[in-house]
Amino acid sequence: MTTESQQSPTTARTSNTSNFRGPDVPSPEDMYKCVHCGFCLQVCPTYLETGLEAESPRGRIALMKAVEEGRAEISESIVGHWDMCLQCRACEVVCPSGVPYGRLMEATRANVERVFKRGFKARRARSMGFKGVLPNPKRLDRIGGLLRFYQKSGLQTIARKTGAIRLAPGGSLEKYLPELGDKFFVASGQIIRPAGKVRARVALLGGCVMRLTHGATLEAVTRVLARNGVEVYVPEAQGCCGALNAHAGERDTAREMARRNIDAFLEVETDAIIVASAGCGSTMKEYHELLANDPEYVEKAAVVAELTKDIHEFLADLTFEPPRGSLATEGKDLKVTYQDSCHLGQAQRITAPPRELLNAIPGIEFVEMEESMVCCGSAGTYSLIEQGMSLRLGRRKAERIVASGADVVATANPGCVIQMEQALARAGEGAQVRYVIDLLDESYRRGDEDGDGADTS
């Protein structure tokens, strides 16, 4: 049985004066690795925007130390600085001391949710979203269906033109609602088999947000894998990976969601678990840390963590079939740049494979973008909770995309796609936002239409 109330060695206290309380506390061993050298300052998005020490990784760690040493309580002011963190983990890449900042911040936020009382609206929204909707795929689908009807039926246009949306609870957030796909991706235990020899067998995560907003991309993932000789199984019992909950400090619910996926993905033996959403892949690769105090699941969590592969990482390791169909239009190459999703480029340290796939596509002129590794401001639910900073970072990212001169900015995470689409629209710019896999899939399909590739449909 689970024993989450027990503390692991990594969360043991060094001081009886600590104001962190409960089972989830940031590890003093982790926080005291920080020597305040300042390498993190020039890669932290919130510090780059504000120039404030408290909005930097070392500043936030200093606040953790103050709470740990009993010099400060977990107050509204301190929580505000921690909440402003995007958890992009850019600081981990440059830290010479190896501070596991992502782990520190997740544990800190979990402790905040146990000991700090947020306002009524915030508590209600967190309870509905993190406990009521995300862990329940059927409920999520029902809500998604209602929102899609709202968008496609014309009700959204009427509500916005008349201002009626402002009267609805949470109406101020409606403008951040992403366009939902015409067809949701459904995990129903389906198996997608390649036409030829099977090179590998994998399971695929559908997830939560991506299934609703970019179901067509998940379908493209199955086609690309099948094209490369990979049999794909989509477990019906799976659900949301728990990333949004874990990042927001709702770790107990995140653990329940992790257990559900562990059971679902270990039902059958596969060579890998494929994830097309960077945030989900990062979290699943750290399931063993999330469930470190669960003797029943910790070993199984480690197996799932080891099996989990990002789609770009997997294809590059597999040696993918070179695409043949050109994406050039009227003899002009499509100019494409790439935005490194934080939880792919920084948490998983996967930067080369997406670029390798893009550079393999005929008819693409690939250009690098300045600050490709700086967070776009999406960061899960951050764009809803910290709207001001999210808008600033979205504007910064849109400026960098425009400066690159690209027709298309490719990326690897649903939140990034939504954030950049909205930021470019606000800026009045016409660059498209696409998944790397969508571009690869399009090239394969064009090649088939031109007679340059084998039909695997």
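The values are calculated or read from the model by the stated rules, or taken from the named source; none is laboratory data. Just so we're clear, the structure is a prediction, and the values are computed from it rather than from any experiment. Note that each Cβ is placed from the backbone with ideal geometry, even for glycine, and that neighbours are counted across all protein chains shown.
Could you tell me whether G229 is more than 20 Å from L266 (Cα to Cα) and small (G, A, S)?
Here the answer is yes, as G229 does meet what is asked.
Suppose the filter is surrounded by 16 or more Cβ atoms within 10 Å (Cβ to Cβ), of a type in the set (V, I, T) and in the same structural domain as T213 (by TED's automatic domain parsing); does I158 pass it?
Judged against the criteria, I158 is not a match.
Sort through E371, E399, E365 and tell me the only one that's in a helix (DSSP H, G or I) and of a type in the set (D, E).
Among E371, E399, E365, only E399 is in a helix (DSSP H, G or I) and of a type in the set (D, E).
If you go through the stretch 49-67 one residue at a time, how many are farther than 16 Å from E106 by Cβ and surrounded by 14 or more Cβ atoms within 10 Å (Cβ to Cβ)?
Here the count works out to 11.
Based on what the data block shows, is D333 touching a helix residue (DSSP H, G or I) at 6+ places or on another chain (Cβ under 9 Å) and not hydroxyl-bearing (S, T, Y)?
Criteria not met by D333.
Which of the residues that make up the stretch 37-48 are surrounded by 14 or more Cβ atoms within 10 Å (Cβ to Cβ) and either of a type in the set (A, V, I, L, M) or farther than 15 Å from W82 by Cα (or both)?
Matches in the stretch 37-48: F39, C40, L41, V43, L48.
Given (1) surrounded by 14 or more Cβ atoms within 10 Å (Cβ to Cβ); (2) in a helix (DSSP H, G or I); (3) aliphatic (A, V, I, L, M), identify the lone condition not met by M128.
(1)
Out of all the residues in the stretch 308-351, which are more than 18 Å from the chain's Cα centre (by Cα), of a type in the set (A, V, I, L, M) and under 30 Å from E106 (Cβ atoms)?
Matches in the stretch 308-351: L315, A316.
Is it the case that some residue within the stretch 98-105 is part of a loop (DSSP other than H, G, I, E, B), touching a Phe, Trp or Tyr at 6+ places or on another chain (Cβ under 7 Å) and not β-branched (V, I, T)?
no
Taking the condition of a type outside the set (S, T, N, Q), in contact with a strand residue (DSSP E or B) (Cβ under 8 Å, 6 or more places away or on another chain) and either assigned to a helix (DSSP H, G or I) or under 20 Å from T222 (Cα atoms) (or both), does I262 pass?
no
Conditions tested, residue by residue: (1) outside any loop (DSSP other than H, G, I, E, B); (2) closer than 24 Å to G279 by Cβ.
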position: Y47; (1), (2): yes, yes
position: R58; (1), (2): yes, no
position: E73; (1), (2): no, no
position: V79; (1), (2): yes, yes
position: E92; (1), (2): yes, yes
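Here is a check on your reading of the model: is G196 assigned to a loop (DSSP other than H, G, I, E, B) and either at pLDDT below 80 or surrounded by 13 or more Cβ atoms within 10 Å (Cβ to Cβ) (or both)?
No: the conditions fail for G196.
Cβ-Cβ distance below 6 Å, separation of 6 or more or different chains: which pairs start in the stretch 178-196 with a residue that is farther than 15 Å from D141 by Cα and end on one that is buried (at least 17 other Cβ atoms within 10 Å of the Cβ) and at pLDDT below 85?
Correct list of pairs: A195/T456.
Is there any pair with a first residue in the stretch 263-292 that is among the aromatic types (F, W, Y) and a second that is crowded, with 21+ Cβ neighbours inside 10 Å and outside any helix (DSSP H, G or I) whose Cβ atoms are under 7 Å apart and which are 6 or more apart or on different chains, and what are they?
The qualifying pairs are F265/A203; F265/P235; F265/Q238; F265/I273.
Of the residues that make up the stretch 125-140, is at least one touching a Gly at 6+ places or on another chain (Cβ under 6 Å) and over 25 Å from Q346 (Cβ atoms)?
Taking every residue of the stretch 125-140 in turn, at least one turns out to be touching a Gly at 6+ places or on another chain (Cβ under 6 Å) and over 25 Å from Q346 (Cβ atoms).
Within the stretch 322-340, which residues are assigned to a loop (DSSP other than H, G, I, E, B) and crowded, with 18+ Cβ neighbours inside 10 Å?
P323, G325, S326, L327, Q339, D340
Among the residues of the stretch 207-234, write down those that are small (G, A, S) and out of contact with any Cys (no Cβ under 9 Å at 6 or more places or on another chain).
G215, A216, A220, A226, G229
In the stretch 409-432, what residues are surrounded by fewer than 20 Cβ atoms within 10 Å (Cβ to Cβ) and outside any loop (DSSP other than H, G, I, E, B)?
E421, A425, R426, A427, Q432
Can you confirm whether the stretch 346-354 contains a residue that is in a helix (DSSP H, G or I) and surrounded by fewer than 22 Cβ atoms within 10 Å (Cβ to Cβ)?
Yes, the conditions are met somewhere in the stretch 346-354.
Using the structure shown, decide if L318 is closer than 30 Å to G451 by Cα and either outside the structural domain of A272 (by TED's automatic domain parsing) or out of contact with any Cys (no Cβ under 8 Å at 6 or more places or on another chain) (or both).
Yes; evaluated as a whole, the condition is true for this residue.
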